[in-house]
Every structure is written in structure tokens, then in C-alpha cells.
Amino acid sequence: MEWYQLETEKIEELVKTNRSQGLSNEEADERLKQNGPNELRESGKRSPIAIFFSQFKDFMVIVLLIATVLSGLLGEYLDAITIIIIVIMNGILGYIQERKAEKSLAALRELSAPMATVLREGKWETLPARDLVTGDIVKISSGDRISADLRLLSANGLLVEESALTGESISVHKQSDPIAGESLPLGDQANIGFMGTMVTQGNGTGVVIHTGMKTEMGKIAGLIQSAETMLTPLQLRLEQLGKILIILAVILTIIVVGVGVYRGHALTEMILSGVSLAVAAIPEGLPAIVTIALALGVQKMIRRHAIVRRLPSVETLGCATVICSDKTGTLTQNKMTVTHLWTEGKTWSLSEGEGKIAFKRAGRSQSIAQEQTLNQLLSYAVLCNDAHLQTDDEKASGQAGDPTEIALLVSGQKAGYSKEKLLQDYKLLQTFPFDSGRKMMSVIVENRKGERMVLTKGAPDVLLDKCDYVMWDKQRQLKRRQHEDKIKEAIHTLGNQALRTIAVAYKPLYGSRKEMKEDQVECGLTFVGLQGMIDPPRPEVKESIAECQRAGIKTVMITGDHVVTAQAIARELDLLPPDGKVLDGTTLSKMSDEALEEQVDEIYVYARVSPEHKLKIVKALQQRGHIVAMTGDGVNDAPAIKSANIGIAMGKTGTDVAKEASSLILSDDNFSTIKSAIEEGRNIYENIRKFIRYLLASNVGEILVMLFAMVLSLPLPLLPIQILWVNLVTDGLPAMALGVDSAEDNVMKRHPRRPDEGVFARGLGWKIISRGILIGAVTLIGFWLTLHNTSHNLIQAQNVAFMTLVMSQLIQVFDCRCERSIFDRHPFGNKYLLLAVLSSIVLMLVVMYIPFFQPIFHTVPLSIHDWLLVIGLSAIPTFLLSGFSLFNQKEEEQSTYVRHA
Ligand code: ATP
């Protein structure tokens, strides 16, 4: 027998589980141990050994190794061994960098891993999907990606999109009854939910029948694993730059070698020097350091509750010019409390004080026992409700359901209505879950007498249109103009107080008992009343919006709520300027794309919109040249999230579909987190610029020392080992420390960066070249002066050059922390950098002062006089150019960032 042919009871027996209790934790752990985690095996993962050996496959490193072996064969054993040791040390450093980068990326993937709602020991829990085992009872609902193969136990209007498995993009209707037939294709197995497919509507429960590689998806896992590129635009540009730099380094090396040989240096000596120089000049660590800077920056973002799913978005974040944010839960707290009720033209307030709950009219407490319509309003909202009142555990995990629905349960409870009690009197026949497109939810219930009734709750203005009757004076009356006006006025008044409003309606059902469709149910209803709930703004959001504004980023509110409510909250948050426009969904639907594009810059609030509208808004903004960040949580939000430059999904309330479409997830659903992410994004980019500047200026310096010396017919200022050592001590640690530097104070006071900005924009190219030339020049001056002063003591002169080259780079590194001048911030503010520089200095002193190393590195101790010369010269590039920048500050400031659109 196939799984789909079996009765659900039989399945429970087969997989040894119980649908009302689920598995015990102990049993689940045992099964997890036995069958392994519920995940598809990853292909294409590199082993640590492969990563280590990949460090030595660079063309120039291979050439260096060959040249070294040759020189070893010619008798230069000590040099050859030392070079090989340095190359291995460099390889280890590269390995550590890459492993760190890989590990951080893996940690990121882990964080955005899918979760599942599982019944264990009688309680619903949210667990990582990889912990699912056969026999687990799981809950699925609209927007979920199914995390294992399930035999469905119940299905409520459940539609599942199975294209990942069957290629068929039309959603399949699912049910829980057994199906007859042999070897049915997957698409026809309507009572099975397959791993990796997506719930597009409705909800249901199922029992896990297969996990991991045993699922249908597992069987074809090899086919569907697509390696997504994780390279950011900057990384791609750096990759190209890397190639150019290699060619440049090789050409310059050839020139150095050529001129050297022409000037009378020995060919073997020059080849080794040249190749060492090329190895030193090629910033081979750059890609790994960029990844580390990105990955560590991303870890920092995680601490600030922003989970990056696609690394490229880290860069895009720094370019964002508009944030389109949902209101409920993102700008507001999503802590809904019903404070006002309205029926038949009367407003009631609901307050809680001195341990008593009071329903008040015109400020006076009143009994509501006789208020039939008010009781209908409260009890129907409890029955037509997917949530349940939380236990403390559930409150912590956010398990009990949508806060709007919980608020309605609470208001009902205050009048003595509990869902459990009502369900003893009413049987639930059919549910039409809430969706933000329809903006309503309905149920069909039956009372003990066998009378059936539709109960609907939803957005008042939308629901009112579906009503032909109203409850007025405790009677069902035909809806007239004056009723409608009164209801609209009430909606407006409640909305003006920033209240979110929900209307309740009902309809008696007669005749056929066949399963019904939404549009048959949600029409000809009777309007009962309104419930208004507060949802206070998040306290920190106002400041974040202001901060974004200062950073040249506009915040736009997009909400399904009523225009007046949205407007009231927008004003509270200072999001809506006096001349800012508010647009409602109906007007938006009628607007052409061009018309929207024309106005889009003036609109700050979009209200009563459906998720489909979001895409139109993203497109219009992008047409105007904006870089758009867009939030969303539902299935229907996915297209807009995907099209936005930065798609943002909610971590708590977001569906799997929205999360998968997104590049950033807010683990706390908070708007302020977007601001923090942008801040971090800008900082990461600036940090990358910092070490590119540092590394390239240093390398330019290294090449120029050798080149100038050859051109000026001087002896070799540095020996190959010294060049390689300079590369080892100056490149790795200080550059990594720059990668985790803190932001400059003004990072959120500048306008967004242009996305097409080149690597060397904003004067970076000039900074690299000018500092590089000066580093080369002072090193050579040190060499030349010492040569002169010591009547040609070459070793001493080389030592002065060796130290000057290192020290000028190590002083320059502090300058790189500032966009403009070293005097702009405390130079020792980055303790990692300080440590890195100190350890580089110690390494230099070790090879210079410990006798063991002196013959290896051809070093001698420096005299006081030499030290003074070294320090004086090393400080020149940084202080000279920083001073120069300070003079030019006005000019630079203006050209620093370009204002958008
Ligand atoms: P956003 O999160 O985008 O700011 P929203 O959450 O306010 O918007 P929706 O959830 O689409 O938007 O809700 C739109 C309207 O539908 C609400 O104003 C409310 O009147 C109504 N509504 C919300 N939740 C429910 C629900 N569970 N049942 C019935 N009606 C609801």
C-alpha cells in the first residue's frame, strides 16, 4: 500500500505517533539519532585541506617557489628555506582568513534556516526543520515551505505550489482523505505535502512520513541544488581589479629585473628579487579579507537583529535611498488592545482598572447584558478567529496567533466569551482564513439546532461593501444610506485616534450543505459593529526615521490599514511631512504606472493597499532612480520583496516564502533594525575601502622603492626575504583589523552612495597613489642617506629601508581609518588595529634583534641615529598628506557624496 491510500489512523499506527500529543521529546531524539537530520546533503563543500592547498596555487606563488628551489639548488639553502617558510606562513594566514570567512558564511546560512511548527508532548513548538523526524505532527499554513514529506491529517482551503518538484506552477488543492489508485504521479497525491513545496493558501496539519534524503525532494536533491553566487558587486569588481594588478605587478617586476640586470646586478639575484616583489605586490589576501570584512560585518548586523541572506545586499544597503516599510509590527509594536467598540451608532470604551473591566458609554460604566448587538460583535469575533489565548510559554514564542485576532479574543473574554465555551455551542464547518488581499476572514458555524451561519470579520470599509443589511436597534434591517454614513463616520473617528478597526458581520445560511467558496460566503452580509484597537508606535522608531532622513533616506509607510489610521500613526512618527501625500489602494489601482512615477516622490503613506500594489510602488520608485528597500511578510509580498533592491522579510511574522525571496531578515520585525543594517552596510563598505587603500598604497610603495633604486642605479634596497617579510607582517593582520573598524561619526549624516560608484571613487585612487609614492620615496631616501652616512654599509642601509618601509605602512594604516585626515578621529580607537600593528612591530624587532634571525634576514641592529631617521621618514607620508587633506576639507566634503534623484 502507498501512503496516500491509507487512512490517517493507519498512518499514525505505522509511524508510531499520536495526532493529539505528537512524539515525546525522548522518542524524537532517539529517531533523530537513528535517521539523521532532516536535510538535503550539501554538494560542493570544500574540505579544510583543499582550502589550505588552494593558498599555494596562485601563479606568482608557484613561480616564487620554483625560483626558490632553483636558488636552493644553486647553494642559497638558508634563503630558500626561509622563503619557503614565509610562503607557508602566508598560506596559513590565508587559510585562517578563508576558513573564518567560510565559517561565518555557514553560520549565516544556519541562521536563516527554515523552522517548523511541531507538536511535541502535547505542545506546539517552533523547531529548526532539520530536527524533524518521522512521526512528528506538524502544522502548515499559508506562506510556509513544507519541511518534510507529510501525510496530511487535516486541510483547510489548503493550496500548495509544487513546481520545485513537479514543474507545475499552478497550486494544487490538498485534502486529507485517502486516495485510491496505484502508482499515482506526485501531482495527484493530493493528501501528501512534499518537502520543499510551498503553501500558498489555507492551513493544515500533517504527520511526517519521510525526512531528509528519503523525501521525494531528497531523491532528486542532486538535480535541484543550485549554487547561488554570493559575490557582491564590489567583490566582482575587485576580482577584475585583481587581474589587472597581477598584470601590472608582473610588468613592473619585469622592468625592475630588466633594469637591474642592465645596471649590472646578477640575473639569479634579480629574478628572485623580482618574483618576491611580484608576490608582495599582488594583494593576494584581498578577496579573503573582503569576505571576512563582509562576514564579520554581517555578524555585527546579526547582533543588531538583521540577518543577511545574500551578501551582495550588504553593499546595496549603503546605497538605499528609500525604505518602504509595513506599518503593523514594524513601525508599531503589534501589541493590539481593543479600546473601543461601536454598534448601532453607539460607542463603547473598554477600560481596565482596579482589577475590574468596564464597558463604558459616555464615560460611565454600564452593564452590557442587554446589549444584544454588542454581544454579537464580541462573540462572533471570538468564533471567527484563528488564534487562541496564550499560555505564558506561547506568549514567549509568539505561537498563539495574530495579535489582531488575539486582541479580539481578549475583548470577547472581557464580556465572558471564550472560544472553548462557544465551540461547545457552535460547530465549525468551514474556515476561510484571513488574507491581506481580501482583507477579511470568514467561518461557517452550526448551532445545536442545526442552524448554520456565516461569520465574517475584516477591514470595515471593505466589509461594509459586502453587507446588504445592518444590525440597528437590535434588529436586522436593510442597509440604508443613513446607516452607511453613520458607520463611515465611526470608522473615520476611530481611525483618527490611530485605532486599527475591524468590522464584524454575519449571514444566516439556508439550503444546500455543500462545501462553499469564498465569494458565495462573503456577500449579502449583515453588518454588526466595529472594534477599534490601539497599536502603539515602537518608541525607538521616530528617532530612526529622523536619522534616516538625515542620511538622505526617505521612509515610506505601506499598510493594509485604513487611510485615516495610517495617517494618524504617520503623523505620530513624524514620517509624514506637512506637504507629504497619502494615497489609498483604490486610487493606486486606477493609476497608470507613469502617473504613479510622476507623484511617487511626494507620497509618504500608502494605505489600504494589497500586497500586489507593493510591486507597482517598487517599480515606480526604481524608475525614478531610487534604490529601494521593501519589507514584507506574506506570500503575496514575495514578488515585491524580490524586485526591490533590498528585499526585507520579517523574522517573527514572515512566511518562509517571504524570507526566501528576501535578502535581509529582521529577527525582531523592527523598523529601527533596518536603519541599523543600513548603518552597518555603509560602514562595511567604508571598511573595505579602508583596507584597499592601505594594501594598495603599501604595495605601490614596495614596488616603487625597487623601481626607483634600479632607475637611479642604486644597489638593491631590499633583499627578497625582506620583501616577503614586509608583505607578511604588514598585509595580513592590520588589513583585517581595518576590516572590523568602527564607523566614522558622520556615517549616517552623508547621503547614500551611488550604486555604480567605482572602487577608487571619492579620491581613493589619488590617496593610494600619493601615499604609495611617498612611502616609496621615504624608504629610498632612508636607504640612500644611510648608504652615504655609513660610507656604503649596504646591510645597514638595507635595514633602514626595511624598517622605514614597514613603519611608514604601519603609520599609514591609522590614517586609513579616516576618510579625510588622521586628525579627524582618535588614531588608536581600534584596539584590534593597535594590537595588529604592535604585533607587526614585534615581529620586525624579532628578526632584527634576535641573533638567530640576523643571518637569515640579513639584519643588524639599528642605531639610535638610524631609528630617528626611520621614524622621522616614516611619519612623513601620513602627516604630510593628512595635513594637505585638512586644508582641502571644504572641497572634499562637497564632493564626498552625491545626492540622488
Ligand atoms: P501592514 O502590516 O502592511 O502594515 P496590516 O497588517 O495593517 O498592514 P493587513 O494585515 O493586510 O494589513 O490588514 C488589513 C486590514 O484587514 C486591517 O486594517 C484590518 O482591518 C483587517 N484585518 C487584519 N487582520 C485581520 C484578521 N485576522 N481578520 C480579519 N480582518 C483583519
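The values are calculated or read from the model by the stated rules, or taken from the named source; none is laboratory data. Keep in mind that this is a model prediction, so the values were computed, not measured. Counting neighbours? That spans all protein chains shown, and the Cβs are built from the backbone with ideal geometry, glycine included. Each accessible area value is taken on the protein alone, full model and side chains, heavy atoms only, with ligands, DNA and RNA left out. Shrake-Rupley method; radii C 1.70, N 1.55, O 1.52, S 1.80 Å.
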> Tell me, what is the FRET efficiency for Asp29 and Ser154 to the nearest 0.05, using R0 = 30 angstrom and their Cβ-Cβ distance as r?
Replying inline: 0.65
> Quick one: if the Förster radius is 35 Å, what FRET efficiency do Gln21 and Ser47 give, using the C-beta to C-beta distance and rounding to 0.05?
Replying inline: 0.20
>> Let me check something: with ligands and nucleic acids excluded, how do Asp668, Asp188, Asp866 order by accessible area (1.4 Å probe), largest to smallest?
In response: Asp188, Asp668, Asp866
>> Suppose the chain between Leu880 and Ala546 were pulled fully straight at 0.36 nm per residue; how much longer would it get relative to their current alpha carbon spacing?
In response: 116.4 nm
> Antiparallel DSSP bridges in the chain: what percent, to the nearest 5?
Replying inline: 75
> Highest mean first, what order results for 547-557, 790-800, 130-140, 366-376 on Cβ atoms within 10 Å?
Replying inline: 130-140, 547-557, 790-800, 366-376
> How much of the DSSP beta bridge set in the range 477-635 is antiparallel, as a percent to the nearest 5?
Replying inline: 55
>> Need the full-extension length gain, Val711 to Lys486, defined as separation in residues times 0.36 nm minus the C-alpha distance. One decimal, nm.
In response: 71.8 nm
> Over the Cα atoms of the chain, what Rg and Dmax result, in angstrom?
Replying inline: 34.5, 116
> Å³ per residue of the Cα convex hull, for the range 701-825?
Replying inline: 118
> For the range 873-879, in order, what is each residue's ³J(HN,Hα) by Karplus, 6.51 cos²θ - 1.76 cosθ + 1.60 with θ = phi - 60°, in whole Hz (x at glycine and Pro)?
Replying inline: 5, 4, 6, 4, x, 5, 6
> Each residue of the range 314-324 in order: what ³J(HN,Hα) in whole Hz does its phi give by Karplus 6.51 cos²θ - 1.76 cosθ + 1.60, θ = phi - 60°, with x for Gly and Pro?
Replying inline: 4, 6, 4, 3, x, 9, 4, 10, 9, 10, 9
>> Of all beta bridges DSSP finds with both residues in the range 340-534, what is the antiparallel percent, to the nearest 5?
In response: 95
>> For Cα pairs less than 8 Å apart in space and 6+ apart in sequence, what is the mean separation divided by the residue count of the range 716-817, i.e. the relative contact order in percent?
In response: 44
>> Just want to confirm a number: the relative contact order over the chain, from Cα pairs under 8 angstrom separated by 6+ residues, in percent.
In response: 12
> Where q = 0.07 Å⁻¹, what log10 of I(q)/I(0) comes from the Debye formula for the range 340-534, counting one point per Cα?
Replying inline: -0.19
> How far is the Cα center of the range 464-509 from the Cα center of the range 712-789, in Å?
Replying inline: 71
>> Using amide H atoms built in the peptide plane, which far-off residues or other-chain residues are under 5 Å from Leu429 H to H?
In response: Ile444, Val445, Glu446
>> Using the Karplus curve 6.51 cos²θ - 1.76 cosθ + 1.60 with θ = phi - 60°, what ³J(HN,Hα) values do you get for each residue of the range 439-449, in whole Hz, with x for Gly and Pro?
In response: 6, 7, 9, 9, 9, 10, 10, 10, 8, 4, 7
> What is the sum of charges around Val314, taking Lys and Arg as +1, Asp and Glu as -1, for the other residues whose C-beta is under 11 Å from the C-beta of Val314?
Replying inline: +2
> Taking Rh as the Kirkwood radius, which is the inverse of the mean 1/r over Cα pairs, what is the Rg/Rh value for the range 582-668?
Replying inline: 0.98
> Near Tyr510, within a Cβ-to-Cβ distance under 11 Å, what is the net charge of the other residues, with Lys and Arg +1 and Asp and Glu -1?
Replying inline: +2
> In the neighborhood of Gly632, defined by Cβ-to-Cβ distances under 11 Å, what is the net charge if each Lys or Arg adds +1 and each Asp or Glu adds -1?
Replying inline: 0
> Among the trypsin sites (Lys or Arg not before Pro) within the range 489-545, which fall in a DSSP loop and have no more than 16 other Cβ atoms within 10 Å of their own Cβ?
Replying inline: Arg513, Lys514, Lys517
> Within the chain, what's the longest stretch lacking chymotrypsin sites (Phe, Trp or Tyr not before Pro) that sit in DSSP loops with no more than 10 other Cβ atoms inside 10 Å?
Replying inline: 1-509
>> Show me the GluC sites (Glu not before Pro) within the range 434-488 that DSSP assigns to loop and that have at most 14 other Cβ atoms within 10 Å of their Cβ.
In response: Glu451
